[in-house]
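Let me begin by presenting the structure, written as structure tokens, before commenting on it.
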Amino acid sequence: MSVIRTPAVENPGVIKVAPAKGQYLHFTVNAGGAIPIFTFASSAKGILYEAGDFPGHPKAKYEWEHLKNPSDIQQLEELELRLAFLTNATYTYTVEFHDGTGNATVVLQIDYAGAPTDRAPESFTVVIVA
Amino acid sequence: MKTSIRWYVVFTLVAGFPLVSPAQSEPGVNGWIDRQIDFILDQQNVGKNGQGSDKQRESPSTDPGSTSLVDQSSATDFFSVAANVIPVTPGLSQFVSTTGSTTTTNGPAGSTTATASLFALLAALNKVSPTDPKFYAEHVSPRRFSFTIGTAASSQATDNTDTPATVYGAKVLLINSRELYTKRNLARLKEAQDANANAAKASAVLKLQIKELIFSALNPGSVDPGGRPSDPNSFASFISDHLATDASFQATLNDLSAETRRRIQTLIENSISAFSQERAVLQEKYDEIRKAQQLSISYTADIRDAKGNNDHRVELIFDYGLSPRINWTVNASGDYTDHKSAPDFKGGRFATSFKGSLTQPDSAWGKCPITLTFGGEGKWQTNHKPQYTFQAELTIPLVPGVDLPLVYRYANRIAQFDQTDSQARMGLSVDISRLAHSFK
């Protein structure tokens, strides 16, 4: 793999979220290329989103939320964003933690640049707390 | 195969160090798992492929000072500049040849051309980044058109003036099977997306399984009967303290029993098919798109001052990927020289080249591969004997977006002179968008 991975905020490995307090995660993928190819998957629920699921695909910015909807909630879940560079050379992946009181904190932000046959996985564990 | 994979996994489990720089992968246990997967896939000998060689970044071949003997079917998607920094004078034969038939004819001085696609011009006019995916998707046709303008060297002997010519050029891609937005290529990308999705799903499951396995092995009293952590908070703390960074994970790895390592090894091996499939599909689809054929038609004119000759060329250009690393190009052109003080020249030209990538690109926006090109050209003009030229070219990337073509060219005769000629040429090509990207 020749992906150049440049973290601005390094992957913490695990994130605690209390959905009962209104906390949730906000995800952003910024793409720089012709046709982004990526998948957001859960160990519990399988494939949650593919790039083509978003209205307006292909586009420069993809956003979604997780754990805001009660049906998302799953204890001990591994969330993986998997990027492919076949037709899109650069990505920026950002995860924001929303604390339920209107404040948001960036808990992960990483730039990636890759060659066409490269792919880059990025994952962390979500632990649901009260 | 299976033995070597097992040996590697056991070795790295015991030795506890990654064999790939962790700076380029996720930290901690996730990055370690990714590297085990990659090693196994490498062992399966699914090769990687290089970056393409079909984009012409040099001056058109009609420019007498160009380092390009054969024109490529497609220009840059964006904007590029080519400068031929070492003029084609004097001939290399002055330095290396001892035969009496060679010549040291003074050629024209250096030249510079700039090429932009209609797509790049539209992006500039709309103040949109040319790499914006939506804009790229909505402007397929403008990528078929490119324009060149610049100056070309002139010599009194062949052009009837020393004043540099103004170069005008236009190129239209008639067949572009490498365009992503064709029905066939979109179907290929769908296959790539599906393989990516299957790998993402498998990876998420595998990583959580391995984390839970390590946790249960080192905290047997903190798991439920199914082996899962009974206290999510303890599990979260364990990941933070023992698995999240490379340093902490190394120490954790060393504490694992042989049985736990064996179980990790089995988990990785059992889920390898999704990752193998993903890598194979990405490689296959890339090769299929890269090797697809392209056909373009171009017109180039070197317009000189009132007493100088004007050169016109209409050309069909065909590109085909013989292999993932070798691109084959054929040119067939009609040439016309408008002489001011002699009968006009009319003729035809056939040229072909094979361009091979010697290295892999370091990333899509990084340096291009080093390429080696062998080409040949035959020109037949009225009132002239046929002219045959051979060229070898080594293109060395200096930095992302800046390439240095080094050329040796031999011709059986020069335009109007019945003398052989050999020359060394050096150029400089700059892909503005690629260079700009490297400064971001």
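Bear in mind these aren't lab numbers, they're just calculated from the coordinates by the rules spelled out. All figures in this text were calculated on a predicted structure; none of them were measured in a lab. Positions of Cβ are generated from backbone atoms using ideal geometry, with glycine treated the same way; all protein chains shown enter the neighbour counts.
Points worth noting:
- Integer Hz, Karplus 6.51/-1.76/1.60 couplings in order for the range A:63-72, x for Gly and Pro: 9, 7, 10, 9, 6, 7, 8, x, 5, 6
- Here the range A:4-128 is described by how far its Cα atoms reach on the three principal axes: 41, 27, 25 Å, from widest to narrowest.
- For the range A:119-124, 3J(HN,Hα) computed residue by residue from phi via the Karplus equation (6.51, -1.76, 1.60; θ = phi - 60°) reads 8, 9, x, 9, 9, 8 Hz, glycine and proline entered as x.
- More than 26 angstrom apart: percent of Cα pairs within the range B:147-286: 56
- Placing a pseudo-label 7 Å from each Cα along the Cα-to-Cβ vector at B:T163 and B:K190 gives an inter-label distance of 5.9 nm.
- Altogether, the Stokes-Einstein calculation at 10 °C and 1.306 mPa s, with the Kirkwood radius of the range B:210-253 over Cα pairs as Rh, returns a diffusion coefficient of 153 µm²/s.
- Extension gain (nm, one decimal) between B:L358 and B:L406, 0.36 nm per residue minus Cα-Cα: 15.8 nm
- Tail beyond 19 Å, pair distance distribution of the range B:212-299 (Cα, percent): 61
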